[in-house]
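Note sheet for the following structure.
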Amino acid sequence: MITLAVSGCQGRMGQSITRLALADQEFALKALLERKDHPRANETIANVPISTDNSTLKGCQVLIEFTSPEATIANLKACVQYGVKMVIGTTGLQPDQVKEIEKAARRIPIVFSSNMSVGVNILFKLTQIAAEKTGPSYTITMTEAHHIHKKDAPSGTAKTLAAIAEKASGTKIENIKSIREGEIIGDHTVVFESAGDIITISHHAKSRDILAKGALVAAKFLRHKHKGLFNMQDVLELN
């Protein structure tokens, strides 16, 4: 059994992860973290009190982190201190913060991905294959859509898609359109266009549970890892 901690437990993703973890017999929920100014930071979920102090991570095996860049780095330092493995799905991280994650992975195992969804990671792979085969003879454009509460744009997933396509095709992706409307969970579309045809690859998220389920799969992947930086392509053996 994996003793689990969830950060941002009262957020949209945190609630999904916590609910699914409680229903999975491979996990024992040990710690719940939330920011100090959250109006529900003093509640208890399934007899686990929510804490604003990351010292409660001590004794946990894995922390799942879908929060802000600042909170992620603070909890990263605590995980290194207490020897806790991490699944990081936080987006909007700056290059220096990513370097801190890379440095920490020399001491603890970390799955770090802009999108934990199995379907989106298949989208990543399909985009790589299409970009390799079409090359510079096709123009590549991307569109991503999310709910109005999402702060970063383009999304971390779109940035990952662009990086994959650029590396595989050898061309720069100049056009990523970001849409923020209503309560859209996440839509991503990649279009390859030539003078003779158009190839469209897309993914539509119907529920946040796909991200939460992927994060729990990643947590299980870390069970026997001791250190190193991994992504969902590693978890799903798509590399």
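A few remarks follow.
- Every condition in (1) surrounded by 14 or more Cβ atoms within 10 Å (Cβ to Cβ); (2) over 29 Å from His203 (Cα atoms); (3) at pLDDT 95 or above is met by Asp96 except one, and the failing one is (1).
- Residue ranges of strands (runs of 3 or more DSSP E) in region 8-85 with at least 2 members modelled with pLDDT of 95 or more and within 18 Å of Phe112 (Cβ to Cβ): 62-65
- The single condition among (1) in contact (Cβ under 8 Å) with a residue 40 or more places away in the chain; (2) surrounded by fewer than 22 Cβ atoms within 10 Å (Cβ to Cβ); (3) closer than 30 Å to Thr171 by Cβ; (4) within 20 Å of the chain's Cα centre (by Cα) that Thr134 does not satisfy is (4).
- Checked against (1) in contact with a Phe, Trp or Tyr (Cβ under 8 Å, 6 or more places away or on another chain); (2) crowded, with 16+ Cβ neighbours inside 10 Å; (3) in contact (Cβ under 8 Å) with a residue 40 or more places away in the chain, Ser194 passes all but a single condition, namely (2).
- A residue that is without any contact (Cβ under 8 Å) to a residue 60 or more places away in the chain and either aromatic (Phe, Trp, Tyr) or over 28 Å from Lys99 (Cα atoms) (or both) can be found somewhere in region 49-69.
- Hits in region 137-165 (condition: in contact with a His (Cβ under 9 Å, 6 or more places away or on another chain), over 15 Å from Val191 (Cβ atoms) and crowded, with 21+ Cβ neighbours inside 10 Å): Ser155, Thr157
- For region 86-121, residues that are under 26 Å from Thr52 (Cβ atoms), part of a helix (DSSP H, G or I) and in contact (Cβ under 8 Å) with a residue 24 or more places away in the chain total 4.
The values are calculated or read from the model by the stated rules, or taken from the named source; none is laboratory data. Small disclaimer: the values here were computed from a predicted structure and weren't measured. Cβ atoms come from the backbone with ideal geometry, glycine included; neighbour counts cover every protein chain shown.
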